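Encoded as structure tokens, the structure appears first; notes follow it.
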Amino acid sequence: MLQDGLIGLEKESLRVGPDGSIAQTPHPAALGSALTHPWITTDYSEALLEFITPPLASVVDALAFLRELEHFVYSRLENELLWSASMPCVVEGESRIPVARYGSSNAGLMKTVYRRGLGYRYGRVMQVIAGAHYNYSFPDSFWPVYQELEKDAHPQQEFVSDAYFHLIRNLQRFGWLIPYLFGSSPAICKSFMCGKPTKLEELLGNSYYAPYATSLRMCDIGYQNTHENEAGFKANYDNLDSYIDSLARAIGTPYPPYQKIGVKVDGQYRQLNPNILQIENEYYSSIRPKQVPGFNEKPTLALKRRGVRYVELRSLDINIYDPLGISESQCRFLEILMALCLFHKSPIIGRLERREIDFNLDAVCYGGRTPGLELQRSGKSITLKSWADELLDALSGFAELLDAGRPDRAYRDALQEQREAVRDPDRTPSARMLADMHAHGEGYFHFAKRMSERHHAYFMHLPQDRESFAAIEAAVARSLEDQQAIEAADKQSFDEFLQDYFAQSL
């Protein structure tokens with residue numbers, strides 16, 4: 001049954017000009033409506049593309065779908081590249097980062113205003129950091145069998161949600177392993193810091209780095225809720241109800257620094273509200289419980305009504321060594337990790353452990369390859385290597401299980417690849433990046449641009465799959481029609497629309 005899980009992938013990529021600067025052009029019309037296209041949209045910026053696959057039955061299928069989406073987009077871009085790294089170069093400053101637009105409908109305006117608010121709250125630069133998301137759900141047929149084995153008498157929806165929160169807590173405990181193994185942002189362009197002081201070291205004149213860093217994207221210079229401690233807010237992962245309640249409180253609680261920004265100033269909305277969070281998605285977390293919301297349905301309401309459908313792992317840097325931004329080996333390893341996190345004991349996270357989780361993630365992101373690096377577990381120190389070896393040993397049985405009946409050793413090979421990266425940190429992507437930059441005498445910008453050009457060549461030399469391209473073209477046409485229909489159906493003012501949206505009762 002574990003072999004029948006569903007996998008979905010998301011990948012963000014900045015459109016850049018031939019010189020590597022952020023594209024100033026609108027979202028290309030040939031890609032359809034960013035509001036309604038199911039697979040090709042934008043994230044924070046008009047230039048930040050987001051590719052979304054549907055949930056599919058195998059790693060190979062999910063990667064093939066992502067490949068066709070990226071291939072299609074490349075075939076429609078005019079004199080632009082997709083930036084193949086997580087961290088952008090913002091040479092011209094944040095005023096040259098265009099906020100995404102979604103048309104004139106109330107739903108589209110809400111998406112734009114939300115992004116405008118993020119810019120006022122956190123600055124636009126950190127909003128154009130790109131990442132990859134791994135979405136996973138266990139098969140429907142698994143849950144009643146697992147519930148019977150657990151001798152659990154709760155309603156199945158409640159049991160499933162509790163099990164996913166069990167998994168989420170373990171993914172937080174062990175989450176430092178992901179930036180260690182897959183972090184691909186040990187260096188950044190100096191322009192990213194916009195002149196702000198930093199503890200990072202200078203590299204080749206135009207870059208900053210930390211010698212043993214794995215993922216600066218996941219550090220405090222990346223996209224985090226930097227004011228959450230001041231605001232006294234942390235999401236609660238004890239169970240689904242406590243999680244929903246914690247987010248709902250944050251969405252309903254005014255925060256003085258955001259009140260100073262104003263909501264509607266000189267007739268234009270600067271943000272959706274002046275509260276700790278405008279909406280649920282503003283809370284950055286490396287792993288989220290998810291349910292598919294209906295049109296204009298609040299995500300917390302969707303979770304309350306229908307429980308957790310899948311989990312979204314968000315801590316993956318773009319894999320700069322793979323044209324797709326995420327590899328088959330990574331996906332297989334993450335699938336094994338999902339199984340371990342479900343079945344491993346998972347007590348409620350207390351204050352001490354929460355501090356340890358935050359400490360471990362920060363330590364690994366800034367210096368995960370430091371020889372002898374020590375992490376914190378249950379009030380004691382443990383070396384990263386010792387803990388990683390324990391986890392990889394625990395994963396081996398699940399790798400065998402997922403390989404059962406297969407003609408190859410794909411899951412065991414994926415696990416072995418990560419064992420080697422723990423044994424030899426120079427095998428990690430972050431170490432390879434720094435070695436490549438030194439070998440070529442390149443700062444971050446020139447290295448990332450060279451890799452972007454290499455990936456552009458890869459996609460432009462792929463043969464076109466007519467059937468796949470026709471399906472994407474059909475989705476483009478439908479999305480444009482759907483946006484027009486939404487805009488034509490609007491009968492409320494935007495003020496009334498927002499009032500009704502936030503009035504949705506839990």
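The values are calculated or read from the model by the stated rules, or taken from the named source; none is laboratory data. Since this is a predicted model, take the numbers as computed values, not measurements. Cβ atoms come from the backbone with ideal geometry, glycine included; neighbour counts cover every protein chain shown.
State the number of residues belonging to the stretch 68-97 that are at pLDDT 95 or above, surrounded by fewer than 21 Cβ atoms within 10 Å (Cβ to Cβ) and either assigned to a loop (DSSP other than H, G, I, E, B) or aromatic (Phe, Trp, Tyr) (or both).
3
Among the numbered conditions (1) within 27 Å of residue 143 (Cβ to Cβ); (2) surrounded by fewer than 20 Cβ atoms within 10 Å (Cβ to Cβ), tell me where residue 367 comes up short.
So residue 367 meets the others, but not (1).
Scan the stretch 98-145 for residues that are assigned to a helix (DSSP H, G or I), farther than 23 Å from residue 36 by Cβ and among the aliphatic types (A, V, I, L, M) and jot them down. Break it down into steps so the answer makes sense when it comes.
Taking the stretch 98-145 as the starting set, the residues that turn out to be assigned to a helix (DSSP H, G or I) are 106-122, 125-128, 142-145.
So of that shortlist, the ones also farther than 23 Å from residue 36 by Cβ come out as 119-122, 125-126, 142-145.
Matches in the stretch 98-145: 125, 126, 145.
Please identify the pairs in which a residue from the stretch 308-323 that is under 15 Å from residue 167 (Cβ atoms) has its Cβ atom under 6 Å from the Cβ atom of a residue that is at pLDDT below 95 and assigned to a loop (DSSP other than H, G, I, E, B), counting only partners at least 6 apart or on another chain.
Partner pairs satisfying both residue conditions: 314/286; 315/286.
Please go through (1) without any contact (Cβ under 8 Å) to a residue 60 or more places away in the chain; (2) touching a Pro at 6+ places or on another chain (Cβ under 8 Å) for residue 481 and return the number of the only condition it doesn't satisfy.
Every condition holds for residue 481 apart from (2).
Working only within the stretch 265-280, note down all residues that are free of Cβ contacts under 8 Å to residues at least 40 places away in the same chain and either out of contact with any Ser or Thr (no Cβ under 9 Å at 6 or more places or on another chain) or farther than 30 Å from residue 311 by Cβ (or both).
265, 266, 267, 268, 274
Any residue that is in contact with an Asp or Glu (Cβ under 7 Å, 6 or more places away or on another chain) and β-branched (Val, Ile, Thr) - is there at least one of those in the stretch 107-128?
yes
Condition first: under 24 Å from residue 424 (Cβ atoms), part of a loop (DSSP other than H, G, I, E, B) and either among the hydroxyl-bearing types (Ser, Thr, Tyr) or over 24 Å from the mean Cα position of the chain (by Cα) (or both). Now tell me which residues in the stretch 361-407 satisfy that.
370, 371, 372, 373
Is it true that residue 18 is at negative phi and at pLDDT 95 or above?
Numbers: at negative phi: yes; at pLDDT 95 or above: no.
So residue 18 does not fit the description; no.
Restricting the search to the stretch 379-395, which residues are farther than 20 Å from residue 367 by Cβ and free of Cβ contacts under 8 Å to residues at least 12 places away in the same chain?
Keep residues of the stretch 379-395 that are farther than 20 Å from residue 367 by Cβ, which gives 379, 390, 392-395.
Scanning the stretch 379-395 gives 390, 393.
Could you list, in sequence order, all residues of the stretch 422-435 that are surrounded by fewer than 19 Cβ atoms within 10 Å (Cβ to Cβ) and either within 18 Å of residue 88 (Cα to Cα) or within 24 Å of the chain's Cα centre (by Cα) (or both)? Outline the logic, then answer.
So the first thing to find is which residues in the stretch 422-435 are surrounded by fewer than 19 Cβ atoms within 10 Å (Cβ to Cβ), and the list is 423-424, 426-427, 432, 435.
Across the stretch 422-435, the qualifying residues are 427, 432.
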